[in-house]
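Everything below concerns the one structure shown next.
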Amino acid sequence: MEDSVLDDFLKRNREMADHSLERLRGLSESDKHWTARRSFLVRNLSDYPRDRLDYLVALSMVWSNHVFMGCRYSNQLMEKVLDMADGVHVEDAPHFTTRDEIMQQRK
C-alpha cells in the first residue's frame, strides 16, 4: 500500500516539475534545443535554490548558445557551464571551427 502512495506522490510531483520547467522554454526554441536545455536544467536544479533559479536559467542559455550556435564566453564561464553539462547528451550537435583553429590550419 505504501509503494502506491509513494508512486502517486512522485508522479504528481514529476508532473508539477515538468509543467514548471515548460514555462522556461523560449517561444522560438526548437524541440531539439529545448530537450537539451531542459536536461541541463534538470541536471542542475537541485543545486540552485528557488531564489537563484534565474541564474540557472541564464547559465542554461549560455550553454545552449555555445552548443547550438558556437558562441564563446570567458574561460571561467565556459568551464563552469561545461562542467554543469557533464552527462547531458546532445544528439547531432553542430561542430564549429574557431577563428584560431582556421588560422592554425593556414600555417
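The values are calculated or read from the model by the stated rules, or taken from the named source; none is laboratory data. Here the structure is a predicted model, which means the values were calculated and not measured. All Cβ positions, glycine included, derive from the backbone under ideal geometry; neighbour counts span all protein chains shown. Accessible surface areas use protein heavy atoms only, side chains included; no ligands, DNA or RNA. Shrake-Rupley method; radii C 1.70, N 1.55, O 1.52, S 1.80 Å.
If you go through the stretch 46-98 and pick out every residue that is part of a helix (DSSP H, G or I) and either open to solvent by 70 Å² or more (accessible area, probe 1.4 Å) or in contact with a Gly (Cβ under 6 Å, 6 or more places away or on another chain) (or both), you end up with 15. Among residues of the stretch 17-37 being loosely packed, with under 10 Cβ neighbours inside 10 Å and either more than 19 Å from Y55 (Cβ to Cβ) or modelled with pLDDT under 75 (or both), the one that is nearest to the chain's Cα centre (by Cα) is D31.
Of all residues in the stretch 69-88, exactly one satisfies the criterion of being among the charged types (D, E, K, R), in contact (Cβ under 8 Å) with a residue 12 or more places away in the chain and within 20 Å of R99 (Cα to Cα), namely R72. Within the stretch 19-36, if we keep just the residues that are of a type in the set (K, R) and without any contact (Cβ under 8 Å) to a residue 40 or more places away in the chain, the residue that is farthest from V88 (Cα to Cα) turns out to be R23. No other residue among H89, H95, H66 is in contact with a Ser or Thr (Cβ under 8 Å, 6 or more places away or on another chain) and under 18 Å from A36 (Cα atoms) apart from H89.
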